[in-house]
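Report on one structure; see the data block that follows.
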Amino acid sequence: MSEVAATLLDSLGTEQRGLAAWPFPADDERMLWFYTPTDHGGLPLSDMRPAQQRHAMQLVRAGLSRPAYVTVATIIGLENVLDELEGWSVGWERERGRDPGLYYLRVFGVPSEGGTWAWRFGGHHVSINHTIVDGEVAGSTPCFLGADPASSPLLGPHPLRPLAGAEDLGRELVRSLDDAQLAAALLSPVAPVDLVTGNRPRLSEGDQALPLTDIWRGRFTGKVGEMVEAIQRSAEQQGGVTPEHSAAVTYTSTPRGISAADLRSD
């Protein structure tokens, strides 16, 4: 990890290093994270030469299992699919609304076998964060992988579903619960439109789902802000989200749901 990061940084020009190389800890920046198609902070792939892009992806691979790396590479490629699905529209205050080049890398501190440094890689539906202390990975959170679209057609009978394993296993678990177990496990019959915890670096008792306008670098105004607000209103109306549903998934440090002791061995 340190060797690949050092090789990448050594390949960068002065302006590129200004975006990619920051001191550690720089907590005000390092503790920001996103999963939306916003500026994640750092040097984007689109501003790297091909060899530099290869170094960046080598670093991503160094921080993931091979299945996770393949999943991340697929998610990045899905930006082209999403662009087509949305009619090649221009939005989000940039020239291309969905852009596989807008995945950002930033290194904090000096990559080395000793000492403390960190790096992150992120873009739409990808957020990878690693902190390294004395040659050991001390933290790998937050880690976020998403897929949009969740399912896409391929040649042949099987669709492209990057997160199929996790999705199907989750549904299989819920469907295996009997009525009493499900009553304990189900906090709300209606899902929130986005993550309850959002992209907060820290959680507090009583936190509720953030408005979609608050999970970007900077707050959108004008037409884009109105569009994001309209997306949230439409999703809440279609899903039937009420204040009672939102209250049911309020963050709390008191455990809720079903305990492992109340699950069967299977």
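With the requirement that a residue be part of a loop (DSSP other than H, G, I, E, B), farther than 17 Å from Q208 by Cα and either hydroxyl-bearing (S, T, Y) or without any contact (Cβ under 8 Å) to a residue 40 or more places away in the chain (or both), what does segment 237-261 give you? Result: S259, single match. Inspect all residues belonging to segment 204-218 and state whether any of them is surrounded by 13 or more Cβ atoms within 10 Å (Cβ to Cβ), under 29 Å from L177 (Cα atoms) and touching a Gly at 6+ places or on another chain (Cβ under 9 Å). There is at least one residue in segment 204-218 that is surrounded by 13 or more Cβ atoms within 10 Å (Cβ to Cβ), under 29 Å from L177 (Cα atoms) and touching a Gly at 6+ places or on another chain (Cβ under 9 Å). Scanning segment 203-217 for residues that are in a loop (DSSP other than H, G, I, E, B) and free of Cβ contacts under 8 Å to residues at least 60 places away in the same chain yields L203, S204, E205, G206, D207, Q208, A209, L210, P211. Considering segment 167-190, and only residues there that are without any contact (Cβ under 8 Å) to a residue 60 or more places away in the chain and surrounded by 13 or more Cβ atoms within 10 Å (Cβ to Cβ), the residue that is nearest to the chain's Cα centre (by Cα) turns out to be E167. Residue count for segment 94-122, restricted to those that are closer than 28 Å to L163 by Cβ and either part of a loop (DSSP other than H, G, I, E, B) or touching a Pro at 6+ places or on another chain (Cβ under 7 Å) (or both): 10.
For G225, the stated conditions hold: it is closer than 27 Å to G97 by Cα and either surrounded by 12 or more Cβ atoms within 10 Å (Cβ to Cβ) or hydrophobic (A, V, I, L, M, F, W, C) (or both). Could you list, in sequence order, the residues of segment 128-178 that are touching a Lys or Arg at 6+ places or on another chain (Cβ under 7 Å) and among the polar types (S, T, N, Q)? Listed by number, the residues that qualify are N129, S151.
Just so you know, all these numbers are worked out from the coordinates, no wet-lab data involved. Predicted model, so just to flag it, every value in this text is computed and none were measured. All Cβ positions, even for glycine, are placed from backbone atoms using ideal geometry, and neighbour counts span all protein chains on display.
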